[in-house]
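Visitor: Supplied in structure tokens, the structure appears directly below.
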Amino acid sequence: MEMGFFLGCNMPAIRPDLEKAIRETMPDLGVDLIDMEGYVCCPAFGSFPSTDDDSHLAASGWNLSIAEEKEVDILVECGSCYSSLSMGRHHLMQNDKQRDRVNTLLEPTGRTVTGKSKVRHVSDVLYNEVGTEKIKQVVKHPLEGLHAVVQYPCHTLYPSEIVGFEKEARKPVALENLVRALGAEVDHFSREYTCCGGAGGFTNNSPAEANGFIQETLDAIIDETKADFIVTSCITCLMHLDNVQKTLNQQVGEDRYTIPVFDYSQLLALCMGKDPNQVACISTMPRDAILERF
Amino acid sequence: MDMNQTDPDLWKEIFNTDDLMYCYNCSTCISGCPASQADPPLLIRNLARKVILGLEDELFDDDTPWTCVSCSLCEEMCPMDVKPFELCLAVRKWQSRNDETRIPPSIVDIYRRGYTQAVGANTELREQLGLPELPVLSKLPEKRKQFQEMLMKTELINENAYMFSEE
């Protein structure tokens, strides 16, 4: 199976070790990744989707048409990119007038958008296409004896009608079952299905309240679980959960928040025997306690 | 409140869908909304009321839609399918159309280089990790030109073309 790899902006620019982890793991699991030359911003919700429909759907159509030209579905890790591309595709498929307009705008490129290329999140492909049985078979170094908690990326859950791939959007299981396939125990906590709050204008416009919001989640993880690390599958969740702990420690004046954070693809790569210096080398919170096992 | 000062047709300009009229103020969109804990709080239910009642001046100055994290939990949970997240974006769009100072600078970045971040700038680290050269717009001048020409034909960018000229 061949898929167009939509990189987004944060992963290739700030956390390319995660990009490496995805490029190293997916082909071994039967998913070959091809580049989407000339892809642009998803578009981020704070950009064209906040100014007008015309530029919003033109940018969505630009990206979708690259995959359609290559006759592949799109693989995305970033939650915001996944949601924006999925919603853009949804609008273009629902509204003939808007689709015609975008195709007129795309004419000079020779590409068109029809909706034939689907948008898939990496955790969806791993869970529903590759499957946990196959993942168990490729694990060389399991996470036995370790406890994990899962931060579900909200953009992969809601609105389920457009982005959903879980049987029950309000009781997601994909990510925790994927983590169990690597041999770790998954602990539950009271704020498990709460958004990390890291995307969009919350952290910029109201930083103190945004930090307080995620602090409650981290407190719940510390007080209610035996978590050795947090697993997510979204670059925003990954960077926010990792970076905010340093800020919170400065606020409370002690190192209370020191939980390592991984993207699932990084853990998968480590368990498959890939080089930790390549697939999990960038973080704010030290991850040595986990990495030294590999 | 003086209802003579309101515009009963404002909703058609902002969010022209019957979905909105089914809102009965239950506040499901607020509980669970991260930005409802912001200062000032984003209260989507109040936003819906302002649009329905046509409180143009209040909406024009309302910064709270820009605090939304786009998680779309409100969209999932709304019992009346009002599509609160779409409403939030629609208010931002209406503000951007009517007040150029609302237009986010990120769209200029995307117009110029394709992305909000400087994607493709960290070549040394990428080489160390054995990653391929990025298929980014800055390395594809023909595609970059096509992208900019496409955007320049879209409504809001065309009207505000001066913002996008290269220095």
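The values are calculated or read from the model by the stated rules, or taken from the named source; none is laboratory data. Because the structure is a prediction, the values reported are computed rather than measured. Note that we place each Cβ from the backbone using ideal geometry, even for glycine, and neighbour counts take in every protein chain shown. Areas reflect the complete protein model, heavy atoms only, side chains present, ligands, DNA and RNA absent. Shrake-Rupley method; radii C 1.70, N 1.55, O 1.52, S 1.80 Å.
Visitor: How large, in percent, is the carbon and sulfur part of the accessible surface of region B:19-113 at a probe radius of 1.4 Å? Present the calculation step by step, with values, prior to reporting the outcome.
Guide: Values: 1870 of 3780 Å².
Of all accessible area on region B:19-113, carbon and sulfur atoms account for 49 percent.
Visitor: Same structure, new question: Assigning unit charges at the beta carbon (Lys, Arg +1; Asp, Glu -1) and nothing else, what dipole magnitude in debye, to the nearest 20, does chain B show about its Cα centre? Don't skip to the answer; put the middle values down first.
Guide: Details: 17 positive and 29 negative charges, 129 e Å.
Using Cβ point charges on Lys, Arg, Asp and Glu, chain B gives about 620 debye.
Visitor: In degrees, nearest 10, range 0 to 90: what is the angle between the Cα axis of helix B:84-98 and the longest Cα principal axis of chain B?
Guide: Relative to chain B, helix B:84-98 is tipped by roughly 80 degrees.
Visitor: Select from A:Phe5, A:Thr25, A:Gly46 the residue farthest towards the positive end of the dipole of region A:1-46; place +1 on Cβ of Lys and Arg, -1 on Cβ of Asp and Glu, and compute about the Cα centre.
Guide: Going by the Cα projections, it comes out as A:Gly46.
Visitor: Here is a further query. Only four residue types carry charge here, +1 at the Cβ of Lys and Arg and -1 at the Cβ of Asp and Glu. Report the dipole size of chain A about the Cα centre in Debye, rounded to the nearest 20. Numbers along the way, then the final one.
Guide: Values: 26 positive and 43 negative charges, 49 e Å.
With Lys and Arg at +1 and Asp and Glu at -1, about 240 debye.
Visitor: Check each residue of region A:250-294 and keep those whose accessible area, probe 1.4 Å, is at least 20 Å² smaller with all protein chains in place than in the chain alone; give them in order of residue number.
Guide: A:Gln278
Visitor: When the accessible area of chain A is computed with all protein chains present and a 1.4 Å probe, what percentage of it is carbon and sulfur?
Guide: Whole-percent figure for carbon plus sulfur exposure: 43.
Visitor: Compare the Cα positions of A:Val102, A:Asn128, A:Leu92 along the charge dipole of region A:1-147 (+1 at Cβ of Lys, Arg; -1 at Cβ of Asp, Glu; about the Cα centre) and return the one farthest towards the positive end.
Guide: A:Asn128
Visitor: How many Å² of accessible area per residue for the protein assembly as shown, probe 1.4 Å?
Guide: Roughly 40 Å² per residue, with all protein chains present.
Visitor: While we're on this one: How far apart, in nm, are the 7 Å Cα→Cβ label points at B:Lys139 and A:Glu37?
Guide: 1.1 nm
Visitor: Now a separate question. Find me the longest stretch of chain A that has none of the exposed GluC sites (Glu not before Pro), where exposed means in a DSSP loop (not H, G, I, E or B) with at most 13 other Cβ atoms within 10 Å.
Guide: In short, A:169-253.
Visitor: Between A:Glu224 and A:Glu107, take the C-beta separation as r, use R0 = 60 Å, and let me know the FRET efficiency to the nearest 0.05.
Guide: Calculated value: 0.60.
Visitor: Using a 1.4 Å probe and counting only protein heavy atoms, how much accessible surface gets buried when B and A come together, both sides summed, in Å² to the nearest 100?
Guide: Roughly 5000 Å² of accessible surface disappears when B and A pair.
Visitor: Counting only residues 5 or more places away or on other chains, whose amide H sits under 5 Å from the amide H of A:Val119 once H atoms are built in the peptide plane?
Guide: The list, which skips near neighbours in sequence, is A:Ile74.
Visitor: A further question on this structure: Find the centroid of the Cα atoms in region A:127-176 and in region A:40-81, then give the distance between the two in whole Å.
Guide: Between the Cα centres of region A:127-176 and region A:40-81 lies a distance of 24 Å.
Visitor: Another question about this same structure. How far is helix A:16-25 tilted, in degrees, relative to the longest principal axis of the Cα atoms in chain A, given as a value from 0 to 90 rounded to the nearest 10?
Guide: Helix A:16-25 sits roughly 80 degrees off the main axis of chain A.
Visitor: Measuring from label point to label point, each 7 Å out along Cα→Cβ, what is the B:Met80 to A:Met93 span in nm?
Guide: 2.9 nm
Visitor: Quick check: residue separation of A:Thr114 and A:Glu71 times 0.36 nm, minus the Cα distance between them. What number comes out in nm? Spell out each step's value before the answer.
Guide: On the way: separation 43, 0.36 × 43 = 15.48 nm, distance 1.14 nm.
Going from the current span to full extension adds 14.3 nm.
Visitor: While we're looking at this one, here's another question. Calculate the dipole size of region B:28-77 relative to its Cα centre from +1 charges on Lys and Arg beta carbons and -1 charges on Asp and Glu beta carbons; express the result in debye to the nearest 20.
Guide: Numbers: 3 positive and 9 negative charges, 51 e Å.
Around 240 debye, computed over region B:28-77.
Visitor: Note down the relative contact order for region A:52-125 as a percent, whole number, built from C-alpha pairs under 8 angstrom at least six residues apart.
Guide: 48 percent
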